[in-house]
Structure formats: structure tokens, C-alpha cells
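Here is the structure we will look at, set down as C-alpha cells.
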């Protein structure tokens, strides 16, 4: 087992749907630690880039290169979707599922999941069918399910897009806690405030390309591209 | 109207007196259909799951064919099985023609596509919800199928019960391969056909009411035991 699967590099990666280029060509390297935030208007390609990195999309041309073998790479990363997907089981079984898939004994996996139920504050509700949970609780469940395998890289696709302030705060607490424990966070968001609170660096995307990459402070205080400047000012980006 | 009342009276009489012949053919009906449905479910449910999670070149054609097989004419199935099992057929040496086993084989051929097709439709919708998550978690194909089979069990129960309904009321195929032999292959549906042929409508109607009651009772029992309506939408 290699020490780290990072950095991940994109070399001229392009994703197309039919004739339309969704993202690319992209050249990018993500390594180290901390939290990188993808920011940009709707249709910029943030979700597609996350899915490409995670292996849910394939590059039509160019390449995605991780620093380890394929099997190892995919077993050391997790993904949290914008709309939480819950299995038709109890909260505990939802959280335990990735461990069971990896061959951990059901009893041990459930015991570990019980700890996460307490960690995310679901209490007894987490022991019933997951469909009774609210949107915020389902997203916390999805976070716990993603974190239970102790991933080296965690992808988050606008995980708080449909949540209220209190739930957003809880999710951000889990993200920061994971980051502090060494998980590399790569996240898409529309929320400037959230980007300022969480990001170590910002990748600004527009029309499938990365227009700017900078530290959070530099990006918001002195954006270098016209597009980023407009976006931060709240102007319409066409 | 008189025939209906007489049929109802006949049914009540047969049940209250626990008529020996009625009990025998009812149990045989259940034995044949339950065996066929269990075998069909063992084939059809995993096949439906496999079809949901697998992409291959002629998948759409396979699904269309499976749906078409739901409407297999039982008489043709009966004829096909008859030819296979007859003395001059490839499986004649097994000496299965005119036995309950032959009836089970015919019913398996009729019921399997029904269970596979309905379960596939149910699991396809579930797979649409689970697709990204299960791929993200790096599940194997077998683990994906297991997840669909377990989480979609309510839908699969409906598919299985639909297969049971089709099997218990089936007559064309089992008449041909079973032969409606008294104390050997006679079941409720073939007995009804026989009594109609003899002109004994009240008895035929009585047997029909017993058949319907049995089908409803089994469906209700399974639904109650599996708590289908008690645990929300799942």
C-alpha cells in the first residue's frame, strides 16, 4: 500500500456529452492537504469535474492520473452528492454499508456506525429507517457514510445546497473535522460565505475551464481574471 | 343466479365437511404452484437484478423479449413440455409426463418471465436512485445485485405474488402435461374444467370459490407477515 494516492493530475482532460464539451481541456494538479473549493456559476462544470476525478465520469480525451494503482485509488476516496442518496435501510445500516462492502464483519461495521450516529447527533432516530430523516439529517448520514472508511480524499458536491443554516453548520463542522484529521477535501459550492469559511484555495470555473486558482484571500480580495471579478461582484456571467 | 347460490352453498359445504377430494386437490394445487413459484423466484429475481445493473449490447432487446415472454400462451408451453417429456422426446427417459413434476416444469416456464420482468422493472427504478452511490462505494456487481434484491424486497414480493396468481389459476399447460389424473395430477383448475364438462356447475363453481379464496388468503397472509403496509413506503 502506498502512503498517499495524491497528487491527482489532469492532463488535457475533456468530457463531452455528444458534441458538447462539458469540461476541458483541463490541466490541473491537486495534492497536499487542506480544502480546495470549486466555485463558479451554474453549468460551469464543477460537478462534472468532481465526478471525473472520482471516476464516475470518463475523460473522452486526455487523462486523469493518480499516484497509485486504480484499485487503491478508488478504495481511498469518498463522494457526497448534492441530493443525499439513502439506502432503504436504517441509518446505522446506511453508515455501516461501505465497511460491509469492504468485507468488515457486519457486527463490527454496525458498532463503528453506531459511533458515527452519535458523532453526527442523530441519536435514536438514526436507528430507524433512513427515509424518516429530514434533508439535513440525510445529508449528515451521507457524510458519516463517506467518512466511516477514513478516506484520504473526500469529494463533496454542494453538500449544503438545500439545507438551512443549522444543518449547514453541522455539515461544515464535519468537513472541518475531517480536514483536520488529514482528509483532503475537494468541494463544489455556490456559497461565497461557505467558500470563505472552509477553503484553503479556490478554483474558479467558468464554461468548463478553470479560469483562476488562488488562495482564498487572494481570490476574493484580488481576483486576477475578469470573469472571477464579475462573479464575485455578482454580475451576470454569460 | 340459482347456479351462483348453489355454487356458494356447494363451496361452503365442501369446506365445512373438509371434503377429502377437495383437500387433496387443493393441497396438490398449492404444492405444484408454490414449488413452481419458488423455483421461478430463485431464477427470476436474480435475473431481474442482473438485468438492472448490467449494460450489454442487446440489453434493450433482451428486456423486450422478457416482457413479451410474460404473455406466453400456456397451451403452447404445455405442448412444448409435453413434446420434451414424451417417450419419444429428449427427456422421455425421465418418465416425468403426467406427473406433478411435469406440471411444475410447465409452470416454471410460464411464471419465471413474469417474476423476472416485474422484478426488473421494480429494481430498475431503484438502480436509477442507487447508481452513483453504489459505484462511488466501489461495490462489485454481485454486491449491487444484493443491495437491489434486499432493498427492493417489497417490490419483489409483489412480483412473486403476481407469479403465484398466474400459476394457481393456470390450466392450459398443466392439463396437457399433467393429464388431470384423479389422485395423481388433478388440481383445482383442472377439476373445475372437468366438472364444467360434466355439467355439474354448482360443484365447479364451488371449487372456483375455493380457488379464489385460497389465492386471496395466501396473498393476504404473505402481506401481513411481511408487514408490507406497516413500514411506510418501503
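Taken together, the values in this text are just the output of simple stated rules run on the coordinates, not laboratory data. Just so we're clear, the structure is a prediction, and the values are computed from it rather than from any experiment. Glycine also receives a Cβ, built like all others from the backbone with ideal geometry; neighbour counts cover every protein chain displayed.
Mind checking the angle between helix B:59-69 and chain B's longest principal axis? C-alpha axes, 0 to 90 degrees, to the nearest 10. So the inclination is approximately 10 degrees.
Between helix A:91-101 and chain A there is an angle of about 80 degrees, using the helix long axis and the longest principal axis of the Cα atoms.
Among A:211, A:206, the order by Cβ neighbours within 10 angstrom, fewest to most, reads A:211, A:206. Put the Cα centre of region A:215-229 next to the Cα centre of region A:1-50 and the gap is 19 Å.
Shown for A:124, B:200: other C-beta atoms within 10 Å of each C-beta, ranked fewest to most, produce the order A:124, B:200.
When only Cα pairs under 8 Å and 6 or more residues apart are kept, what is the percent relative contact order across region A:73-139?
Computed over region A:73-139, the figure is 43 percent.
For the protein assembly as shown, adding -39500 (n - 2.57) for each run of n ≥ 4 DSSP H residues and dividing by the number of residues yields -18500 deg cm²/dmol at 222 nm.
Counting only other chain Cβ atoms within 10 Å of each residue's Cβ, the peptide B:125-132 averages 3. In terms of the Cα gyration tensor, with a ≥ b ≥ c the square roots of its eigenvalues, is chain A rounded because a/c is under 1.5, prolate because a/b exceeds b/c, or oblate? Cα axes put chain A in the prolate bin.
If you count, for every residue in A:82-91, the Cβ atoms of partner chains within 10 Å of its Cβ, what is the mean? It would help to have the intermediate numbers written out before the result.
Details: counts 0, 2, 1, 7, 3, 8, 14, 4, 0, 0.
The per-residue average across the peptide is 4.
Which of A:114, B:195, A:19 comes first, and how do the rest follow, when ranked by fewest Cβ neighbours within 10 Å?
Taking fewest neighbouring Cβ atoms as first place, the list is A:19, A:114, B:195.
Mean partner shielding of peptide B:135-142, defined as the number of other chain Cβ atoms within 10 Å of each residue Cβ, is 6.
Comparing B:154, B:55, B:166 in a Gaussian network model of chain B, where Cα atoms under 10 Å apart are tied by springs, the biggest mean-square fluctuation is seen for B:55. Quick check: the distance between the Cα centres of region B:19-54 and region A:145-191, to the nearest angstrom? That distance is 48 Å. Taking every C-alpha pair closer than 8 Å and separated by at least 6 residues, the mean separation divided by the residue count of region A:93-216 gives a relative contact order of 20 percent. For region A:101-134 and region B:172-229, what is the separation of their C-alpha centers, rounded to whole Å? So the separation of the two Cα centres works out to 47 Å.
For the protein assembly as shown, the square roots a ≥ b ≥ c of the C-alpha gyration tensor eigenvalues yield an a/c of 1.5 or more together with a/b exceeding b/c, which makes the shape prolate. Stokes-Einstein diffusion for region A:49-107, with the hydrodynamic radius set to the Kirkwood value over Cα pairs and evaluated at 25 °C in a medium of 0.890 mPa s, equals 178 µm²/s. Measure nothing but the geometry: give the 0 to 90° angle between the long axis through the Cα atoms of B:201-226 and the longest principal axis through the Cα atoms of chain B, rounded to 10°. Once rounded, the angle reads 30 degrees.
Sort chain B into rounded, prolate or oblate with this rule: let a ≥ b ≥ c be the square roots of the eigenvalues of the Cα gyration tensor; rounded if a/c is under 1.5, and if a/c is not under 1.5, prolate when a/b is larger than b/c, oblate otherwise. Judged from the Cα gyration tensor, chain B comes out oblate (a/c at least 1.5, b/c at or above a/b).
Pairs of Cα atoms nearer than 8 Å and 6+ residues apart set the relative contact order; for chain A it is 27 percent.
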